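Below: the structure, in structure tokens.
The values are calculated or read from the model by the stated rules, or taken from the named source; none is laboratory data. Predicted model only: the values in this text are computed from it and were never measured. For neighbour counting, all protein chains shown are included, and Cβ atoms are generated from backbone atoms with ideal geometry for every residue, glycine included. Accessible surface is based on the protein model in full, side chains and every heavy atom, while ligands, DNA and RNA are left aside. Shrake-Rupley method; radii C 1.70, N 1.55, O 1.52, S 1.80 Å.
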Amino acid sequence: MVASSHNNATADPKLANRYPDTVDSVKIVALGGVGEIGKNCAVVEQGDDIVVIDCGLSFPNEEMLGIDIIVPDFTYLLQNKDKVRGIFLTHAHEDHIGALPYLLKQMNVPIYCSEFTHALIRHKLDERCPSVKVDYRIFKAGEVLQAGGLSVEPIRVTHSIPENCAMAVKTVHGYVLFTGDFKFDFTPVDGKLSDMKRLSEIGAEGVVVLLSDSTNVERPGWGPSESIVTEGLRKVFNDAKGRVLLTTFASNIHRMQQVFQIAKETGRKVAVVGRSMERNLDICMRLGYVKIPNGVLLPLDDVRGLPDHQVALLTTGSQGEPMSALVKMSKAEYGRMQVKEGDTLIYSARPIPGNEGAIWRTINRLFLQGCQVVYEAARPIHVSGHAYQEELKMMINLTQPFYVAPVHGEPRHQYVYNKIAEDMGYPDHRRFTLTSGIPLVIDETKAYLGEEIPTGRVLVDNSGTPGVTESVLRDRYNLANDGLVIVSIAVDSTHGEIVGDPSLHAKGFHGPAGILEETHDIMVDMLASLTPNDLKDLNKVKQAATEIVRKTIVKRAQLRPLIVPSVIEV
Ligand SMILES: [Zn+2]
Ligand SMILES: [Zn+2]
């Protein structure tokens, strides 16, 4: 039955007639989010229509100095501006929405999203691109959204944020189904279950390819439900003698809901610290996504006078963000509140790859101040929002895709996922390991990898300016590791002669004793071997001097300082 779904799916005569000549293939290409976790953004293209699923960012690793965030290269979308029918957002996590300001500044296209996602992104977009009048189209799960010759149907699936959706894109060859981030949670905090019925229906109608979350594919079994966290948190709240602080993602509304509930049970009042969390909570209260028991939420100033055992604080900073309340508290630099001996901090989140160092440093500083940090406990204080192995198999089983292609994973995750699919009976030609920029092309009878489109990563620096190049990054890396050596040479370019003694100055460079003197002498010998004609060409002098200094230092000291030549004409 599975084997025939690819061909059966082409039978819709209405769609097939719409593009009699041009539409015989469907192209799916990731601009990010495959071979990595972060900057999720995928394109589905059929004839003159393109829909984009998600538009996320990723975070830099510790070698990427001065880089704040990374966004996908949108060249392909800009080249095909007229075809793009809209961006469809699965949910409001940064790795799915964070690049929107950078795309919208370059092209204004409709943004399709749930009411909750809209509420969370609207402020950010107002702030980050005030000149763009964003065309929001708010959907409810289960609606079918027409996008030219394509249609997109959001299907509710559980995750760690309200109103999370899979996206079923209907093409001439059947559904292209993006699971988005998902897990199968049968006791979600908000009581809203995954729409398994609809998933199995579209499976019966014909899913040509399933692009599945694969983040937790290495974890066997079924992931625990969000609800289990309530118990773990309750235990910490009960055991804590002093104040309880809890840090989580500012978008983790369910976790906040759990904290309010437990605070009420254990006789504590809750204050919220951190702008993004305060704002999200405010939005969610207005829209009814969070229900706070009467009198439990107080402004920070009002909890200050209460005895410690009656206080709980929700704070931002779970990713060690330098400007967050928690990080400032850990450095005793937060004016509105300090941590103190007897406090307990619950770390109720998971480090996003790249942030581990900053998070551990924050946790260590808190311990030094006498605050006990609970980041692992016998009863879970955080659970992942991503499907474990059996849940991933369940998704394949429900939707019966002809092809599978894991996304939202690094190569190791993609590999393990495809191994599992193989065990479930998927032969080689029905499993794909996607790479950014290489399209998966589906035609009447087969699927294959097509020709590469422009793709890459765009580095955004701490000032918010995109476009930091790889060579700038390399220079910064060398500079930070091995320092800087400035080479000064004066040349009489009329006669082709060196004037005076060339010099080397170092900053932040540390090598074996005498290395600079030695390098200087070798450079002077090299310059002496140049002809007057060579010396008249200042660029040549610059290049030759840089080269010899670089080579000598690498050879003698195994160091790669940044070499800055300064050749002046006298
Ligand atoms: Zn997510
Ligand atoms: Zn994600």
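The table for this structure:
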quantity: Sequence of ASP282, ASP185 when ordered by accessible area, the most exposed leading, probe 1.4 angstrom; calculated: ASP282, ASP185
quantity: Computed E for GLU451/LEU538 - FRET, C-beta separation, R0 45 angstrom, nearest 0.05; calculated: 0.55
quantity: Cα-based convex hull, segment 326-413, per residue volume (Å³, whole number); calculated: 143
quantity: Point-to-point label distance, GLU390-PHE367, nm (Cα→Cβ direction, 7 Å offset); calculated: 3.5
quantity: Segment 273-388 - Debye-derived log10 I(q)/I(0), Cα point model, q = 0.10, 0.16, 0.21, 0.23 Å⁻¹; calculated: -0.33, -0.88, -1.40, -1.52
quantity: Mean projected area (nm²) of the alpha-carbon convex hull when the chain is viewed from all directions; calculated: 32.6
quantity: Calculated diffusion of segment 378-442, Stokes-Einstein form, Kirkwood radius summed over Cα pairs, 25 °C and 0.890 mPa s, µm²/s; calculated: 186
quantity: MET424 - accessible surface, heavy atoms, 1.4 Å probe, Å² rounded to 10; calculated: 70
quantity: For peptides 352-358, 147-153, 219-225, sequence by mean Cβ density within 10 Å, most packed first; calculated: 147-153, 352-358, 219-225
quantity: Segment 213-259: trypsin sites (Lys or Arg not before Pro) in DSSP coil with no more than 14 other Cβ atoms inside 10 Å; calculated: LYS241
quantity: Cleavage-rule hits (GluC sites (Glu not before Pro)) in segment 60-103: DSSP loop, at most 13 neighbouring Cβ within 10 angstrom; calculated: GLU62, GLU63
quantity: PHE74 - accessible surface, heavy atoms, 1.4 Å probe, Å² rounded to 10; calculated: 10
quantity: For PHE139, solvent-accessible area (1.4 Å; no DNA, RNA or ligand), Å²; calculated: 10
quantity: Packing-based order for 511-518, 385-392, using average beta carbon neighbours within 10 Å, highest first; calculated: 385-392, 511-518
quantity: Surface share of carbon and sulfur [accessible, 1.4 angstrom probe, percent] for the chain; calculated: 51
quantity: Segment 177-283 - Rg (one decimal) and Dmax (whole number), Cα, Å; calculated: 17.9, 57
quantity: Unit charges on C-beta of K, R, D, E only; dipole of segment 225-287, Debye; calculated: 220
quantity: Segment 22-64 pair-distance distribution - Cα-Cα, 10 Å bins, rounded %; calculated: 28, 40, 22, 9, 2
quantity: Accessible surface, per residue, of the chain when the full set of protein chains is kept, probe 1.4 Å, Å²; calculated: 43
quantity: Spatial separation of Cα centroids for segment 263-341 and segment 510-570, in angstrom; calculated: 58
quantity: Theoretical FRET efficiency, 1/(1+(r/R0)^6), r = Cβ-Cβ of VAL472 and ARG234, R0 56 Å, to 0.05; calculated: 0.70
quantity: Interatomic Cα distance distribution for segment 51-205, bins of 5 angstrom, percent; calculated: 2, 9, 17, 21, 20, 15, 10, 5, 2, 0
quantity: Helical mean residue ellipticity (222 nm; -39500 (n - 2.57) per DSSP H run of 4+; nearest 500) of the chain; calculated: -9500 deg cm²/dmol
quantity: Kirkwood-Stokes translational diffusion coefficient of segment 408-502, alpha-carbon pairs, 20 °C, 1.002 mPa s, µm²/s; calculated: 111
